[in-house]
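The values are calculated or read from the model by the stated rules, or taken from the named source; none is laboratory data. As the structure is a computational prediction, the values presented were derived from the model and not from experiment. Heads up, the Cβs are rebuilt from the backbone with ideal geometry, glycines too, and the neighbour counts pull from every protein chain shown. These area figures cover heavy atoms from the full protein model, side chains too; ligands, DNA and RNA do not enter into them. Shrake-Rupley method; radii C 1.70, N 1.55, O 1.52, S 1.80 Å.
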Amino acid sequence: MQWIETEDALETLYGTPGQPALRKVSDHLTPLYRKWIMASRFCVLTTVGAAGTDGSPRGDDGPVVLELDPQTLAMPDWRGNNRLDSLRNIVTDGRVSLMFMVPGSNTVVRVNGQARLTDDADLRARFAAGKATPATVIVIRIAEVYTQCARAVMRADLWARDDSADLPRPGEILAEVTDGAEGGAAYDAAWPKRASETMW
């Protein structure tokens with residue numbers, strides 16, 4: 001197999017991007033980028049650190065991030081599995097990327113920037129859900145914000161399909177990788193109650 005190992009070789013295969021692809025990039029939230037991101041209740045947060053990369057789904061019951069100023073976003077870290085993969089990466093290497101999605105839209109809005117982690121009580125309180133507050137908040141300084149070409153979502157027909165009927169459940173996967181020591185049908189049966197009790 002022949003590998004592509006230089007940028008020159010890569011650009012020879014693809015050519016140069018058109019001007020709209022280059023000029024759509026902003027270093028801050030414009031009014032329309034703000035409107036789009038504030039409509040998003042789900043994004044994927046990508047981080048990088050000494051142990052490698054991590055892509056983490058992030059969701060909320062309203063906007064998944066809060067705008068602190070036109071160049072700064074804040075994202076609560078709600079209860080999860082406590083692996084802390086993304087947070088460990090942010091503490092050691094602040095580079096992050098986010099992909100914001102809105103059901104029904106084929107457009108994805110991307111943000112690249114630098115993140116830091118805080119347990120500031122006042123900022124955490126801004127995300128209060130009932131009696132719950134996030135343990136920490138990820139604060140992201142925007143370097144780039146831009147729309148992603150819609151073709152990938154269109155090819156996948158993402159919002160018009162439900163291909164989940166025959167998927168393995170998390171408990172089945174856990175049982176498989178632990179040779180039955182963890183997971184299984186009981187894990188899957190208990191999950192909806194466990195999730196609803198620890199949503200925040």
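Each residue of the range 18-30 is assigned a 3J(HN,Hα), and the resulting list reads x, 4, x, 5, 8, 7, 6, 7, 10, 9, 7, 6, 6 Hz, derived from the Karplus form 6.51 cos²θ - 1.76 cosθ + 1.60 (θ = phi - 60°), x at Gly and Pro. Per-residue accessible area (protein heavy atoms, 1.4 Å probe) orders 100, 42, 127 as 42, 127, 100, starting from the largest.
Rg over Rh for the range 74-200 works out to 1.02, using Cα positions for both radii and the Kirkwood form for Rh.
When Rg is the radius of gyration of the Cα atoms in the range 8-145 and Rh is its Kirkwood radius, what does Rg/Rh come to?
My calculation puts Rg/Rh at 1.00.
If you plug the beta carbon distance of residue 2 and residue 181 into 1/(1 + (r/R0)^6) with R0 = 35 Å, you get a FRET efficiency near 0.20.
Using the per-residue mean of other Cβ atoms lying within 10 Å as a proxy for protection, in what order, highest first, do the peptides 87-97, 46-56, 187-197 fall?
Listed from highest to lowest mean packing, they are 87-97, 46-56, 187-197.
Over the chain, dividing the summed -39,500 (n - 2.57) contributions of all DSSP H runs of at least 4 residues by the number of residues returns a 222 nm mean residue ellipticity of -8000 deg cm²/dmol.
For the range 47-98, the Cα gyration tensor yields ellipsoid semi-axes of 20, 15, 8 Å (square root of five times each eigenvalue, largest first, whole Å).
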